[in-house]
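The structure appears below as structure tokens.
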Amino acid sequence: MLDRATIASQIPHVLKGTNFANLGEYYEGKVRDNYTQGDRRILITTDRLSAFDRIIALIPFKGEVLNAMTKFWFENTKDICPNYIESYPDPNVIVGKQCKPVMLEMIVRGYITGSTSTSAWTNYANGVRNLCGNTLPEGLVKNQRLPEPIITPSTKAAHGEHDANLSGIEAVERGLVTMEEWQQLSQYALGLYMRGVEVAARQGVILVDTKYEFGRDASGKIMIIDEIHTPDSSRFWIAETYAEKMAAGQEPDNINKEYLRLWLSNQGYVGEGEIPAIPEDVLIETAMKYIQAFEMITGQTFVGNPGEVLPRIEENLKPYAL
């Protein structure tokens, strides 16, 4: 793993964003900058960290870690679900098929947890027993494993809006997907989640919950897009200490952006108002959590590419310039 000094030295070089004039039509997502060229899309993973549906901070090496983990998982799940990947020309870049997004995020939960007002645990603690069409049993405690994984879809919110939970039936009734598509998406999502659980468990990691985004290519074929099983799209806990922490009524040891989310919650920030100033040591620790997640789950060592990120990306994307 990279040491704290190397991570600290990367803080002045974090990738906030891009604005290349020669790569096609530009769109800025929460974490990725997108450039469309006909039936091709170039996605540049920045160091932006999104939480509470807002950009919270810039984390050193985060984009590179996410890209490397996305590559690992896409290569390990392509037998379950087709994906949009064409190539990886830079540590922060994916080139893939241009797809029309399915306007529904497929969230799979294996445990009941969360700290936000819309989380599964908050809803349950407030008396909700039917979550997005899933009937939950009485007597669950926070962070407990569910009897079986459930799908809790949500709408894909526009900029400045929050995602909204709904059931699969409601998604069909609203015309977001057809019943056939809902069944296909559910099959893909559960298959991907179970593969994720299996691979993570071999490394001593619990894949708690995750979200999947799907799209349709030019032929209408549904495939997984965006990212998969990364610390941005998923929650991971360390398996070895899970039972001990549960018995003590403590939060499980996590290896994802939940660290920063919990730190903000402890400062009294839950998504509204001004974001508290985040100290350098918290940024470094968050980066280390991302790197730790990559190394623990993949079994590979994260080397990283310290220094200026933007010029390197520009050079590696020259073959794609219009």
Subject >> For the stretch 134-140, Karplus couplings with θ = phi - 60° (6.51, -1.76, 1.60), whole Hz, Gly/Pro x >> reply: 9, 7, 9, x, 6, x, 6
Original post:
Which far-off residues, 5 or more places away or on another chain, put their amide H under 5 Å from the one on ALA57, with H placed in the peptide plane?
Top reply: LEU49
Original post:
Looking only at ALA277, ALA247, ALA200, which one moves most when the chain is put into a Gaussian network model with springs between Cα atoms under 10 Å?
Top reply: ALA247
Original post:
Tally Lys/Arg at +1 and Asp/Glu at -1 over every other residue whose Cβ is under 13 Å from the Cβ of PRO252; what's the total?
Top reply: -2
Original post:
Rounded to the nearest 500 deg cm²/dmol, what is the calculated helix-only ellipticity per residue at 222 nm for the chain, with -39500 (n - 2.57) per DSSP H run of length n ≥ 4?
Top reply: -9500 deg cm²/dmol
**OP:** Collect residues whose amide H, placed 1.01 Å from N in the peptide plane, falls under 5 Å from the amide H of LEU131; neighbours closer than 5 in sequence don't count.
**Re:** LEU136
Original post:
Which of VAL95, VAL270, VAL108 moves most in a GNM of the chain, Cα contacts under 10 Å?
Top reply: VAL270
**OP:** Could you calculate, for the stretch 256-322, the ratio of the Cα radius of gyration to the Kirkwood radius, expressed as Rg to Rh?
**Re:** 1.12
Subject >> Karplus-derived HN-Hα couplings along the stretch 44-54 (A = 6.51, B = -1.76, C = 1.60, θ = phi - 60°), whole Hz, x at Gly and Pro >> reply: 10, 8, 7, 9, 5, 10, 9, 8, 6, 6, 9
Original post:
Within the chain, which complete DSSP H helices have Cα atoms spanning at least 18 Å along the helix axis and a mean Kyte-Doolittle hydropathy of -0.5 or higher?
Top reply: 62-77, 179-202, 280-298
Original post:
Accessible area per residue of the stretch 1-48 at 1.4 Å probe, in Å²?
Top reply: 47 Å²
Subject >> Most fluctuating residue given options GLU138, GLU258, GLU170, as computed from a GNM of the chain linking Cα atoms under 10 Å >> reply: GLU138
Subject >> Net charge of neighbours whose Cβ lies under 11 Å from the Cβ of TYR242, counting Lys and Arg as +1 and Asp and Glu as -1 >> reply: -2
Original post:
Quick one: if you take sqrt(5λ) for each eigenvalue of the C-alpha gyration tensor of the stretch 157-280, what semi-axes come out, biggest first, whole angstrom?
Top reply: 30, 22, 14
**OP:** Check the straight Cα-Cα distances from LYS156 and name the lysines below 17 Å, setting aside those fewer than 8 residues away within the same chain.
**Re:** LYS30, LYS100, LYS211
Original post:
Highest mean first, what order results for 61-72, 142-153 on Cβ atoms within 10 Å?
Top reply: 61-72, 142-153
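The values are calculated or read from the model by the stated rules, or taken from the named source; none is laboratory data. As the structure is a prediction and not an experimental result, all values here were calculated from the model. Ideal geometry is used to build each Cβ from the backbone, glycine not excepted, and the neighbour counts take in all protein chains shown. For accessibility, only protein heavy atoms count, side chains too; no ligands or nucleic acids. Shrake-Rupley method; radii C 1.70, N 1.55, O 1.52, S 1.80 Å.
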